[in-house]
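Below: the structure, in structure tokens.
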Amino acid sequence: MRVILNSRHADHAAPGEFEAGAVIPCHEAPGRCGAIRGALEAAGGFTFEDAAQNEGCVAAVHHPAYVAYLRGASAEARHAKGGGLNSFWPTVFPFGPNPRARGAHALRGTYCFDVYTPILPGTFGAALGGASAAFRAAELVAAGAEKQVYVLTRPPGHHAEHDRCGGYCYFNNAAVAAQHLSRLGKVAVLDLDVHHGNGTQHIFYDRADVLTVSVHGDPAGLYPFFSGFADETGTGAGLGANVNVPLPPGTGPHEYRPALARALDAVARFRPEFLVLAFGADTHEADPIGGLKLPTGFFGEMGAAVRGLGLPTVIVQEGGYDLGALGASAVALLGGFEA
Ligand code: SP5
Ligand code: ZN
């Protein structure tokens with residue numbers, strides 16, 4: 001399988017994240033990409049290529065003011081001081097559109113919805129590298145050059161909304177791929193990260209031509225808390241084109257299997273031309289923040305089940321934070337896809 005890499009990913013490495021008022025090491029770290037790449041190389045059968053930076057690839061899914069903000073804030077972060085971290089962290093979140101929230105500090109909270117998503121000097125380049133890789137993968141699949149392409153990238157993307165970063169995510173890589181493919185026909189995005197893909201839902205919520213389906217831990221008790229409930233079904237022309245399947249904490253294969261079957265059935269009934277799979281390995285039983293109980297072997301079954309749709313597919317890496325389980329989970333999923 002062809003793997004498109006984000007050669008800039010390590011330019012973004014958050015020094016920490018907040019946990020109950022303390023700062024702990026950030027779960028979303030550069031070693032994640034290395035762990036997956038190492039496991040794919042050891043497994044064999046994968047070819048790796050870098051994607052060139054594609055400045056325009058995010059314009060169709062993100063607000064131009066948001067893109068400009070991320071670019072500018074990343075550049076300015078080189079001069080930021082604060083524990084020598086050279087980074088910007090939002091501290092105040094101005095609710096609603098607020099014309100008075102124009103200063104640098106106000107904008108950090110305007111274009112972001114949580115405290116997990118700082119801006120560092122390399123953030124814009126790293127995030128754009130991932131979006132560029134997703135776009136490149138979509139080009140290959142759209143041209144029929146490949147039936148499946150895997151995008152190995154971080155920071156992840158599925159929490160990033162049209163004009164707000166959050167949940168370690170800046171540009172919505174899966175949405176960039178789906179948007180490009182949607183020029184050729186209907187697209188389904190299937191999100192199997194343990195967290196709800198709120199950003200992807202937000203970007204396509206009023207679209208009838210892009211179905212968004214997410215299977216995830218119940219947001220009543222799991223990040224992102226404000227989105228991902230079963231009664232969110234789309235709006236306007238997009239009514240019925242959003243499906244959420246929330247699962248209780250501790251869900252294992254026995255209960256995950258029928259939830260996945262429901263999600264796959266929703267995709268099949270939509271009759272898309274293309275699929276984008278937003279794949280998070282944070283459903284693994286060893287994941288430090290997920291709370292579900294899927295063993296490594298189940299990821300092979302997941303891959304095979306998704307492959308059963310028979311659709312040309314862009315697979316985009318999202319979360320997964322146990323470095324031991326991450327590579328094996330990705331190998332199992334992609335192996336199931338190719339079997
Ligand atoms: C892409 C993705 O997986 N984003 C996840 C964002 C989750 N951020 C919240 C992390 C909260 C960690 N606190 C967990 C405490 C468990 N003891
Ligand atoms: Zn996640």
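The values are calculated or read from the model by the stated rules, or taken from the named source; none is laboratory data. Worth saying up front: this structure is predicted, and the values here are computed from it rather than measured. When we count neighbours, we look across all protein chains shown, and the Cβ atoms used for this are built from the backbone with ideal geometry, even at glycine. These accessible areas exclude ligands, DNA and RNA; they are computed on the full protein's heavy atoms, side chains included. Shrake-Rupley method; radii C 1.70, N 1.55, O 1.52, S 1.80 Å.
For the stretch 162-185, the set of residues classified as touching a Gly at 6+ places or on another chain (Cβ under 9 Å) and open to solvent by 10 Å² or more (accessible area, probe 1.4 Å) consists of His162, Arg164, Tyr168, listed by residue number. In the condition set (1) within 16 Å of ligand 2 (Cβ to nearest atom); (2) free of Cβ contacts under 8 Å to residues at least 24 places away in the same chain, Phe113 is compliant with all but (2). Residue pairs whose Cβ atoms lie under 7 Å apart, separated by 6 or more positions or on different chains, with the first residue in the stretch 219-233 and without any contact (Cβ under 8 Å) to a residue 12 or more places away in the chain and the second assigned to a loop (DSSP other than H, G, I, E, B) and within 16 Å of ligand 1 (Cβ to nearest atom), are Phe225/Pro219.
For the stretch 192-206, the tally of residues that are assigned to a loop (DSSP other than H, G, I, E, B) and not hydrophobic (A, V, I, L, M, F, W, C) stands at 6. Close contacts from the stretch 156-183, counting a first residue that is away from ligand 1 (no atom under 16 Å from the Cβ) and a second that is open to solvent by less than 10 Å² (accessible area, probe 1.4 Å) and among the aromatic types (Phe, Trp, Tyr), with Cβ to Cβ under 6 Å and a gap of 6+ residues or different chains, come to Asp163/Tyr66. For the stretch 312-331, taking the residues that are open to solvent by 10 Å² or more (accessible area, probe 1.4 Å) and part of a loop (DSSP other than H, G, I, E, B), the one that is farthest from ligand 2 (Cβ to nearest atom) is identified as Pro312.
Within the stretch 34-53, the residues that satisfy the criterion of being part of a loop (DSSP other than H, G, I, E, B) and surrounded by 13 or more Cβ atoms within 10 Å (Cβ to Cβ) are Phe46, Ala51, Gln53.
Looking across the stretch 186-214 at every residue that is within 13 Å of ligand 2 (Cβ to nearest atom) and small (Gly, Ala, Ser), the one that is surrounded by the fewest Cβ atoms within 10 Å (Cβ to Cβ) is identified as Ser214. Only one of the listed residues (Leu264, Leu222, Leu184, Leu277) is at pLDDT 95 or above and part of a strand (DSSP E or B). That residue is Leu277.
One residue alone among Pro90, Pro97, Pro118 is modelled with pLDDT of 95 or more and either farther than 30 Å from Phe274 by Cβ or open to solvent by less than 30 Å² (accessible area, probe 1.4 Å) (or both), and that residue is Pro118. Scanning the stretch 190-213 for residues that are touching a residue at least 60 places away in the same chain (Cβ under 8 Å) and either within 14 Å of the chain's Cα centre (by Cα) or under 22 Å from Asp163 (Cβ atoms) (or both) yields Leu190, Asp191, Leu192, Asp193, Val194, His195, Gly197, Thr200, Ile203. Only one of the numbered conditions (1) away from ligand 1 (no atom under 16 Å from the Cβ); (2) at positive phi is not met by Leu211, and that is (2).
Every condition in (1) among the charged types (D, E, K, R); (2) over 30 Å from Ala339 (Cβ atoms); (3) part of a loop (DSSP other than H, G, I, E, B) is met by Arg154 except one, and the failing one is (2).
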